[in-house]
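The values are calculated or read from the model by the stated rules, or taken from the named source; none is laboratory data. Predicted model, so just to flag it, every value in this text is computed and none were measured. A quick note on method: Cβ atoms are made from the backbone with ideal geometry, for glycine too, and the neighbour counts reach across all protein chains shown.
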Amino acid sequence: MSFHLGKPILVMMIIALIAGAVVAMRPAQQKADLTVWVFADSHYKAYLPLIPEFEKQHNVKVNLNILNARALAVRLTSMFMSGEPSDEAPDMVEMEIGLMGRFFRPPIKDIGFMPLNDRLQESGLYDRIVQTRFAPWSKEGVIFGVPHDLHPCVIVYRDDLFREAGVDLTTAKTWPQYHEACLKFRDYWVGRGFKTRHALELPESSSDYLQVMLLQRGINPIDGYGNIHLEDPRTAATLAFYAQLVAGKKKVTQQSSQGIGAFTRDLTEGSLCSFIAPDWRVTYIKRYGAAVTGKMRMMPMPVFEPTDSPTSTWGGTMMGFPRSCKNPDLAWKLMEFLYFSEEGMKQRRESTEILPPIKPMWADPFYHQADPYFGGQKASELYIELAPKIPPRYVSFASPVATLALNEALIRATAYVEEHGDHVDQQELEANCRKWLADSAADLRTRMDQWRFD
Amino acid sequence: MPSLPPVPPPQSLDSATRTRAGAGARMGGGLAMLSRERLWQLQHKLAPYLFLSPFVILFCCFMLYPLGRSIMLSLYKSVGPGKLQYVGMGNYRYLVTDRIFWASVANTTYFTTLFLTLQVPIALGLAVLLNSKLLKFRNFFRFAFFSSHLVGMVFVAIIFGLMLAQRHGLINKMIGFFFPFIGTELNWFADPKLAMPAVVIAALWISVGYAMVYLLAALQSVDQELYEAAEVDGASKWQQFRHVTLPGIRPVLIFLILVGTIGGYQLFELPYVLFHGVWTNYAITIVTYLFQMGFEAGDIGYASAIGWALVVIIFVVSLIQLKVARAREDVA
């Protein structure tokens, strides 16, 4: 048998026909009363066993889908922007804090999510949830999401290695004291040939952790009303301090490699010996870093001034309801079931260490037991103690650019510190930081004016 | 429905229609024959358009209309295509003063220059080696070098993300082994000086084999008699390479540089995946910035303006390259 276009073309045509037939005959996802999009694997695993129970209780069909966080945000942005209702559009969406700002660019009436102030008040959730946690999901006082978590931060450290170096980290109450302790730790281990043993995990050119420190001081680069705080003198002082942690002669930090696998390897090998840890991060280090069980401890974050918070917040998730939601009442019930019901809390406790945002739920004995991973320390109790003190964190459509501006200032500050070696003039560095941040703030202001859509 | 006979060539059309018309008249169906004749004439005229129409329709829907629409959108401030505010040339005016845009232009130009400076010589070197008659298993090596081009950019970015990781990545471990004074902690993704070279390394891995195949084909098509003549004239191997080989493969070199330049300015997937979509001044490229503006900030209008600026940049750079190549050709 011969085919006049040649065998390769024939094979390709057969493959195309088979593939086309398979795609055409694939059963479509069953039409559901509610479609839920989530991005976190741990959340997906926690919710999946709960869905049949909810379906039975309400005699409905629920589709729970997991998407990559960035893919989820891009698809949702496109759906909101097109303005056309789609069968594929979700009724409920979990959104990550870093991806939320983009949805706040239009005027409030045009934001794709439903305002939830009334529902939160009516359900009583508004008074039960830690108030500062509404900040990331709000624009000009209008709340667009129900917080899933609080994510207070602590310092987690390799107690065995710090002890061996003769350093008691718990005595370090301020960041300068912490820096001194880390220098002592560094000198001890470098003296014994451990050149890649670092006291603290911090990146050199990304401002994510710098922003965690700024939040301790109550500083958001952009607040909930669009005001820029890069020119706050405390921002410059924090930047100057941070630059000396991550660069120059007094460097005590190193960055972790990409991915949780590499990070836990750094931890177990003793390459990175302390780090800022919100509750979600503890879930991962316990799961993948079992080799250091009993060797870890945690403590509140050091502060810059007595008025600063001994904790911060890093990361976060909300449940939002697109305006195209087919059945908002049913969707609200599902959210309450997944987030705050007894069954939902049980699932959450089984799959993560994440503290719920509702205070009365912290009374559960689960949150008050000794944790062998932390040498018998009651880890969750520390998080509970710090949770009411988490500072409000705001996000804005210009947050990525504000982060970029801080990154740029940080790169300049670290270059300055590297350049000046032993002779870093603290006042000159701070003055330079103020200038760089002022430049960035001016640029950011112009950009926000350009982007503003009223 | 019976199949229609093929359309005869114009010379025979008259005779054919005359024959048919005559036969029709004899059958007493003059009017019917006339309309059939017109139908044939119409078909003859319309056939080319009919055959072209699938392409034209697709081109209009998916190329021409979006291009026209993007020009219109670039004159608006927008939150998606539905909510628009007319700003005239406002987006372009802001673009000229936008520091991030110029950082992205600088990064992209740096990437393209470094990439082409390395890609063409490496590919040429490999092609010359593979063209050697002394080499065994030539087909195997040709496939091996080309095979990296068969995998996707995202896959390459993920692999290089792991290979370039601090302390645990293969490349850093090798650097630590051979150059202990550098160590294993080179931070390819956070050090502004190393970020774009990291992207170039990944881009070279995926594209050198592809360029090599083109150059190998070009090398094999150089007239062997020219080498013989050069040898008779006493030319050394280097002189042969310089005065016979290079002029012989010149069109392919120009093609590779042109395609590499356009591809370089359109760079997106590698930095986007390697840097996790994070906004960084030192690794942002023009298309990454366009994507972030359009799909993350939701300003489709400004993203369209960036897109048209990219068109102008690519056009100007390509034009300069072609002019330079042509000028050198004239000199030669």
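Brief remarks on what is shown
- Hits in the range A:258-290 - residues which are out of contact with any helix residue (DSSP H, G or I) (no Cβ under 7 Å at 6 or more places or on another chain) and within 14 Å of chain B (Cβ to nearest Cβ): A:259, A:262, A:263, A:265, A:266, A:269, A:271
- For the range B:40-90, the tally of residues that are outside any helix (DSSP H, G or I), of a type in the set (A, V, I, L, M) and touching a residue at least 40 places away in the same chain (Cβ under 8 Å) stands at 4.
- Qualifying residue in the range A:273-285 (condition: touching a Leu at 6+ places or on another chain (Cβ under 9 Å), closer than 30 Å to residue A:120 by Cβ, surrounded by 23 or more Cβ atoms within 10 Å (Cβ to Cβ) and of a type in the set (S, T, N, Q)): no
- Tallying residues that are over 18 Å from residue A:324 (Cα atoms) and crowded, with 24+ Cβ neighbours inside 10 Å within the range A:90-99 yields 0.
- Selection status of residue A:419, more than 30 Å from residue A:56 (Cβ to Cβ), surrounded by fewer than 20 Cβ atoms within 10 Å (Cβ to Cβ) and in contact (Cβ under 8 Å) with a residue 12 or more places away in the chain: no
- Of note, residue A:360 does not satisfy the criterion of being crowded, with 20+ Cβ neighbours inside 10 Å and not aromatic (Phe, Trp, Tyr).
- Residue check for residue A:98: of a type in the set (Gly, Ala, Ser) and either farther than 24 Å from residue A:42 by Cβ or outside any helix (DSSP H, G or I) (or both): no
- Residue in the range B:277-284 that is touching a Phe, Trp or Tyr at 6+ places or on another chain (Cβ under 9 Å), crowded, with 24+ Cβ neighbours inside 10 Å and either more than 9 Å from every other protein chain (Cβ to nearest Cβ) or more than 30 Å from residue B:164 (Cα to Cα) (or both) present: yes
Conditions (1) part of a helix (DSSP H, G or I); (2) exposed (fewer than 15 other Cβ atoms within 10 Å of the Cβ), marked per residue:
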| residue | (1), (2) |
| --- | --- |
| B:105 | yes, no |
| B:110 | yes, no |
| B:136 | no, yes |
| B:139 | yes, yes |
| B:172 | yes, no |
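- Flag for residue A:380 being of a type in the set (Ser, Thr, Tyr), within 24 Å of the chain's Cα centre (by Cα) and assigned to a loop (DSSP other than H, G, I, E, B): no
- Total residues in the range A:190-207, condition more than 9 Å from every other protein chain (Cβ to nearest Cβ) and free of Cβ contacts under 8 Å to residues at least 40 places away in the same chain: 4
- Sub-6 Å Cβ pairs linking a first residue in the range A:252-269 that is surrounded by 20 or more Cβ atoms within 10 Å (Cβ to Cβ) to a second residue that is basic (Lys, Arg), at least 6 apart or interchain, are A:252/A:186, ordered by first then second residue.
Each row is one residue, and each column tells you yes or no for (1) touching a helix residue (DSSP H, G or I) at 6+ places or on another chain (Cβ under 8 Å); (2) touching a residue at least 12 places away in the same chain (Cβ under 8 Å).
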{"residue": "A:25", "(1), (2)": "no, no"}
{"residue": "A:51", "(1), (2)": "no, yes"}
{"residue": "A:78", "(1), (2)": "yes, no"}
{"residue": "A:96", "(1), (2)": "yes, yes"}
{"residue": "A:123", "(1), (2)": "yes, yes"}
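- If the condition is being within 11 Å of chain A (Cβ to nearest Cβ) and part of a helix (DSSP H, G or I), then the range B:174-192 contributes B:176, B:192.
- A Cβ distance below 6 Å, combined with a sequence gap of six or more or placement on separate chains, defines the contacts here; from the range A:125-141, residues that are surrounded by 20 or more Cβ atoms within 10 Å (Cβ to Cβ) reach residues that are of a type in the set (D, E, K, R) and not in a helix (DSSP H, G or I) in the pairs A:135/A:393; A:136/A:393.
- Restricted to helices (runs of 4 or more DSSP H) entirely inside the range A:147-230, those with at least 3 residues that are crowded, with 21+ Cβ neighbours inside 10 Å are A:175-191, A:208-216.
- Scanning the range B:222-250 for residues that are more than 14 Å from residue B:128 (Cβ to Cβ) and either of a type in the set (Ser, Thr, Tyr) or surrounded by 15 or more Cβ atoms within 10 Å (Cβ to Cβ) (or both) gives B:226, B:230, B:235, B:236, B:250.
- From A:80, A:144, residue being under 30 Å from residue A:404 (Cα atoms), more than 16 Å from the chain's Cα centre (by Cα), within 14 Å of chain B (Cβ to nearest Cβ) and of a type in the set (Phe, Trp, Tyr): A:80
- The C-beta contact set for the range B:174-188 (first residue closer than 14 Å to residue A:196 by Cα, second residue among the β-branched types (Val, Ile, Thr), distance under 6 angstrom, 6+ apart or interchain) comprises B:176/B:184; B:182/B:175.
- Taking the range A:114-141 as the range and being assigned to a strand (DSSP E or B) and either over 13 Å from residue A:320 (Cα atoms) or within 14 Å of another protein chain (Cβ to nearest Cβ) (or both) as the test, the residues that pass are A:129, A:139.
- In the range A:268-300, the residues that are among the aliphatic types (A, V, I, L, M) and under 12 Å from residue A:160 (Cα atoms): A:292, A:296
- Being more than 20 Å from residue B:97 (Cβ to Cβ) and either in contact with an Asp or Glu (Cβ under 8 Å, 6 or more places away or on another chain) or within 14 Å of another protein chain (Cβ to nearest Cβ) (or both) is a description that does not apply to residue B:317.
- Condition broken by residue B:93, with the remaining ones in (1) of a type in the set (Lys, Arg); (2) surrounded by 16 or more Cβ atoms within 10 Å (Cβ to Cβ); (3) more than 24 Å from the chain's Cα centre (by Cα); (4) assigned to a helix (DSSP H, G or I) satisfied: (2)
- Residue within the range A:428-438 that is surrounded by 19 or more Cβ atoms within 10 Å (Cβ to Cβ), at negative phi and within 14 Å of another protein chain (Cβ to nearest Cβ) present: yes
- Put simply, of A:410, A:444, A:386 the only residue that is away from chain B (no Cβ under 13 Å), crowded, with 18+ Cβ neighbours inside 10 Å and hydrophobic (A, V, I, L, M, F, W, C) is A:386.
- Counting only helices (runs of 4 or more DSSP H) wholly contained in the range B:248-332, the ones carrying 3 or more residues that are within 16 Å of the chain's Cα centre (by Cα) occupy B:300-331.
- Condition check for residue A:238: surrounded by fewer than 15 Cβ atoms within 10 Å (Cβ to Cβ), at pLDDT 95 or above and either more than 21 Å from residue A:444 (Cβ to Cβ) or in contact with a Phe, Trp or Tyr (Cβ under 8 Å, 6 or more places away or on another chain) (or both): no
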